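What follows is a short report on a single structure.
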Amino acid sequence: MADFDLLVHAGHQTLPWEALLDDAQYWLHEAVRGYNHLARWKYWDDLTDLAARFIFYYPLLMAYVWMIGAIIYYLRWERRNNDPENLPALPHYPPVSILVPCHNEADNVRETVEFLLKQKYPDFEIIAINDGSKDNTLEILLELADIHPQLRVVNLATNQGKAMGLRTAALLAKNEYLVCIDGDTLLGLEAVT
């Protein structure tokens, strides 16, 4: 480094390399002095204790706020309107399509469809999608479709996933409103309403 003089431009003046190193050393010394001064601050322990208490108690406090809010909401709104026999009367009951993608659901699909057929809603159709099942899901669905005219069955030859099954059924649905459930779900009798 003695053979050449490295220059660094800072603002309008040109500083030699040694001056730049002196400035860096000065600022490093000032940073260490500031850190030492901050470390000796007499309220540091109080501040860390306050931060630790906040981190511990904030989630606990918010859990109580959420629980109390849920209780108030239940007492004020849900308790009054929670009678499934006295559902609010709608001025118009638009037709609804219930989509049920099924993949290897032979154990559950019969009960699911039976529950869907008991819906307390005047106008609905059920579209069951057999998504490449390896068991006898398709046979059960076809048997149920022969008995119940509200049930339509769509068969996908290979398993393409739940999203593709729902998309296919949505494209084939007659109605604008869709209710999408799993093949092992027991939907409440008033859920569509």
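Find all pairs meeting these conditions: Cβ atoms under 7 angstrom apart; at least six residues apart or on different chains; first residue within segment 97-120 and closer than 16 Å to D131 by Cβ; second residue surrounded by fewer than 16 Cβ atoms within 10 Å (Cβ to Cβ) and aliphatic (A, V, I, L, M).
Final answer for the pair search is L99/A170; L99/L178; T112/L186.
For N159, only one of the following conditions fails: (1) out of contact with any Asp or Glu (no Cβ under 9 Å at 6 or more places or on another chain); (2) open to solvent by 80 Å² or more (accessible area, probe 1.4 Å); (3) touching a residue at least 24 places away in the same chain (Cβ under 8 Å). What is its number?
(1)
For D49, state whether it is among the acidic types (D, E), free of Cβ contacts under 8 Å to residues at least 24 places away in the same chain, surrounded by 10 or more Cβ atoms within 10 Å (Cβ to Cβ) and in a helix (DSSP H, G or I). Step through it out loud before you land on a result.
Working: among the acidic types (D, E): yes; free of Cβ contacts under 8 Å to residues at least 24 places away in the same chain: yes; surrounded by 10 or more Cβ atoms within 10 Å (Cβ to Cβ): yes; in a helix (DSSP H, G or I): yes.
Yes.
What number of residues within segment 38-57 are among the basic types (K, R) and in contact with a Phe, Trp or Tyr (Cβ under 9 Å, 6 or more places away or on another chain)? Break it down stepwise before answering.
Pass one, segment 38-57, residues among the basic types (K, R): 40, 42, 53.
Then keep just the ones that are in contact with a Phe, Trp or Tyr (Cβ under 9 Å, 6 or more places away or on another chain); that gives none.
Residues that pass the stated criteria total 0.
When only residues in segment 172-190 that are more than 14 Å from E125 (Cβ to Cβ) and over 21 Å from the mean Cα position of the chain (by Cα) count, which is most open to solvent (accessible area, probe 1.4 Å)?
L186
Within segment 138-166, which residues are in a strand (DSSP E or B) and more than 18 Å from L116 (Cα to Cα)? Spell out how you get there, then give the answer.
Going residue by residue through segment 138-166, those that are in a strand (DSSP E or B) are 151-156.
Across segment 138-166, the qualifying residues are N155, L156.
Would you be able to tell me the number of residues in segment 106-144 that are under 19 Å from G188 (Cα atoms) and among the acidic types (D, E)? If you could, list the steps in order and put the result at the bottom.
Kept after step one, since they are under 19 Å from G188 (Cα atoms), are these residues of segment 106-144: 108-128.
Then keep just the ones that are among the acidic types (D, E); that gives 111, 114, 123, 125.
Looking only at that region, the number is 4.
Find the residue count for segment 96-121, including only residues that are among the aromatic types (F, W, Y) and outside any helix (DSSP H, G or I).
Residues of segment 96-121 that are among the aromatic types (F, W, Y), as a first pass: 115, 121.
Then drop every residue that is not outside any helix (DSSP H, G or I), which leaves 121.
Qualifying residue count, segment 96-121: 1.
From the list A128, A169, which residue is open to solvent by less than 70 Å² (accessible area, probe 1.4 Å), closer than 13 Å to I98 by Cα and not in a helix (DSSP H, G or I)?
Working: A169 fails: not in a helix (DSSP H, G or I).
Selected residue: A128, the only one of A128, A169 that is open to solvent by less than 70 Å² (accessible area, probe 1.4 Å), closer than 13 Å to I98 by Cα and not in a helix (DSSP H, G or I).
This table checks each residue for (1) under 24 Å from T193 (Cβ atoms); (2) in contact with a helix residue (DSSP H, G or I) (Cβ under 8 Å, 6 or more places away or on another chain); (3) modelled with pLDDT of 90 or more.
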site: L28; (1), (2), (3): no, no, no
site: V32; (1), (2), (3): no, no, no
site: H37; (1), (2), (3): no, no, no
site: Y43; (1), (2), (3): no, no, no
site: I68; (1), (2), (3): no, no, yes
site: I71; (1), (2), (3): no, no, yes
site: P84; (1), (2), (3): yes, no, no
site: P88; (1), (2), (3): yes, no, no
site: H92; (1), (2), (3): yes, no, no
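Residues in segment 70-80: is at least one basic (K, R), in a loop (DSSP other than H, G, I, E, B), farther than 25 Å from D182 by Cα and open to solvent by 90 Å² or more (accessible area, probe 1.4 Å)? Don't jump to the end; show me each part of the working.
Quick first cut of segment 70-80, residues basic (K, R) only: 76, 79-80.
In the following step, the residues that additionally are in a loop (DSSP other than H, G, I, E, B) were identified as 79-80.
Now narrow it down to the ones that are farther than 25 Å from D182 by Cα: 79-80.
Keeping just the survivors that are open to solvent by 90 Å² or more (accessible area, probe 1.4 Å) gives 79-80.
Yes, segment 70-80 contains a residue that is basic (K, R), in a loop (DSSP other than H, G, I, E, B), farther than 25 Å from D182 by Cα and open to solvent by 90 Å² or more (accessible area, probe 1.4 Å).
When you check D135 against the structure, is it open to solvent by less than 80 Å² (accessible area, probe 1.4 Å) and assigned to a loop (DSSP other than H, G, I, E, B), yes or no? Full working, then the answer.
Numbers: open to solvent by less than 80 Å² (accessible area, probe 1.4 Å): yes; assigned to a loop (DSSP other than H, G, I, E, B): yes.
Yes.
The values are calculated or read from the model by the stated rules, or taken from the named source; none is laboratory data. Note that the structure is predicted; figures quoted are calculated from it, not measured. A quick note on method: Cβ atoms are made from the backbone with ideal geometry, for glycine too, and the neighbour counts reach across all protein chains shown. Note: areas computed on protein heavy atoms with side chains; ligands, DNA, RNA excluded. Shrake-Rupley method; radii C 1.70, N 1.55, O 1.52, S 1.80 Å.
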